[in-house]
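Participant: Okay, handing you the structure first.
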Amino acid sequence: QSNLPREFTEKYWISRKIGSGVCGEVKLAFERDTCKKVAVKTINKKDFPSIGTATRNAEREIEILKKIDHPCLIKTEDFFQTDESYYIVLELMEGGELFDRVKAKKQLDESIAKLYFYQMLLAVKYLHSQGIIHRDLKPENVLLASDNDICLIKITDFNQSKILEETSLMRTLCGTPTYLAPEVFTDAVTVGYGRAVDCWSLGVLLFVCLGGYPPFHTEGTDMSVREQITQGCYRFLPSKWDCISEQAKNLVKKLLVVDPKKRLTIEEALQHPWMQDKQMKTTAFKIMYPGGQAPSEGDTPSTSRKRPLDDQEQPPG
Ligand SMILES: CCC/C(=N\NC(=N)N)c1ccc(NC(=O)c2cc3cc(OC)ccc3[nH]2)cc1
């Protein structure tokens, strides 16, 4: 054990390593008084090229982790730090990473992939509503609550996330443009599509869950992965995709659109025919809100909704 803070070891008993990421590892731990199982993510401050960004990144991630509140986003339970590392105590997701589940199953049943994808859409919709772009959505960063196929998922790892704040361009475009050059307007039209990067990644995630292999990869082609992505060049291999519905394929196609302005938004993905599945949504709400009612106006101030939950988050009538 690298020198864990004393107040940490007084409260928790560290067991074994359960996952490892690029910037630190995840260990299983037990809260001494309650014997409750938790996950402890260690983020080493020194494992980064430029020390400054590491600490700033980790502090921003911790700021995000403390601010977010959604059933499909990882929650922190406790937090410690030493000069070398941050120790973040998290709810334990016993099912591990979606990456390993897809690998073990080869490809997910369409109904299971739909249940997980619906939860991912609601989680990312919530993040975007809080002005946060994840920017690193991948199967390694989607955790499963249990070993059952029907289970809650949570998105994690906000290391690459970005908090959208008001920009000087926004303030400029509010004023009278008497002296404003034309290119400020023409360049401005592409501004505000930061969220679209998460929609592309969700398209790749859905492709991997359904097909069991990534749409853009190295083997079997002489195009670089970069070229495949910039040209939107991928294939539905018949052996893997013949058993999958046209509607599912259609949603993948509409997310893996190269032009961010033409790509489906989260809202549009939630409206897609493949997502109009009352039984799946009923199941999703039961695992997301086991206590019963989904939050509505006012009783969960932390969601600070400007308007009542639209039909996406209301339990299906
Ligand atoms: C610090 C919180 C965000 C974070 N990573 N952040 C980052 N990489 N900068 C992060 C990254 C990974 C995890 N992973 C887990 O909690 C986890 C639980 C688990 C259980 C497993 O088997 C039972 C296997 C892998 C697991 N990972 C939790 C949080």
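Participant: Taking θ as phi - 60°, what are the ³J(HN,Hα) couplings along segment 196-206 by the Karplus curve (6.51, -1.76, 1.60), each to the nearest whole Hz, with x for Gly and Pro?
Facilitator: Each residue's phi maps through the Karplus curve to give 4, 5, 5, 5, 4, 4, 5, x, 5, 4, 5 Hz.
Participant: Please report the carbon-and-sulfur percent of the accessible area for segment 181-262; probe 1.4 Å, protein heavy atoms only, DNA, RNA and ligands left out.
Facilitator: 59 percent
Participant: Now for a different question. Using a 1.4 Å probe, how large is the accessible area of residue 239, given in Å² and rounded to the nearest 10?
Facilitator: Accessible surface of residue 239 is approximately 100 Å².
Participant: What is the chain's relative contact order, in percent, from Cα pairs under 8 angstrom and six or more apart in sequence?
Facilitator: 14 percent
Participant: Right, another one. When the solvent-accessible surface of protein heavy atoms is calculated with a 1.4 angstrom probe, in what order do 128, 217 fall, highest first? Spell out each step's value before the answer.
Facilitator: Details: 128 20, 217 50 Å².
Largest accessible area first, the list is 217, 128.
Participant: Another one. Positive end of the charge dipole of the chain (Lys, Arg +1 and Asp, Glu -1 on Cβ, about the Cα centre): tell me which of 244, 210, 189 has its Cα farthest that way.
Facilitator: 244
Participant: Beyond 29 Å between alpha-carbons counts as too far, so tell me which of 66/125; 103/262; 75/261 fall in that bin.
Facilitator: Numbers: 66/125 18 Å; 103/262 31 Å; 75/261 32 Å.
In this structure, 103/262; 75/261 exceed 29 Å between Cα atoms.
Participant: Could you work out which residue, out of 58, 29, 181, moves most in a Gaussian network model of the chain, that is, has the largest mean-square fluctuation with Cα springs under 10 Å?
Facilitator: Sorting by GNM fluctuation, first place goes to 181.
Participant: Take the alpha carbon atoms of segment 63-117, find their center, do the same for segment 185-255, and report the distance between the two centers in whole angstrom.
Facilitator: Segment 63-117 and segment 185-255 have Cα centres separated by 23 Å.
Participant: Could you size up the charge dipole of segment 195-300 around its Cα centre, putting +1 on the beta carbon of Lys and Arg and -1 on that of Asp and Glu, and report it in debye to the nearest 20? Show your work: numbers first, answer last.
Facilitator: Values: 13 positive and 12 negative charges, 27 e Å.
Here segment 195-300 has a charge dipole of around 140 debye.
Participant: Once you wrap a convex hull around the alpha carbon atoms of segment 57-203, what is its projected area averaged over all directions, in nm²?
Facilitator: Hull-based average projected area comes out at 11.6 nm².
Participant: Return the aspartates and glutamates within reach of residue 249: Cα separation strictly under 15 angstrom, same-chain partners fewer than 8 residues apart disregarded; answer none if there are no such residues.
Facilitator: 109, 110
Participant: Now for a separate question. Size of the dipole of the chain about the Cα centre, Lys and Arg at +1 and Asp and Glu at -1 on the beta carbon, nothing else charged, in debye to 20? Each step should come with its number before you reach the end.
Facilitator: Details: 43 positive and 44 negative charges, 48 e Å.
So the dipole magnitude of the chain works out to roughly 240 debye.
The values are calculated or read from the model by the stated rules, or taken from the named source; none is laboratory data. Because the structure is predicted, anything quoted here is derived from the model rather than measured. With ideal geometry, Cβ positions are generated from the backbone for all residues, glycine too; neighbour counts draw on all protein chains shown. When the accessible area is computed, the model is the full protein with side chains, heavy atoms only, and any ligands, DNA or RNA have been set aside. Shrake-Rupley method; radii C 1.70, N 1.55, O 1.52, S 1.80 Å.
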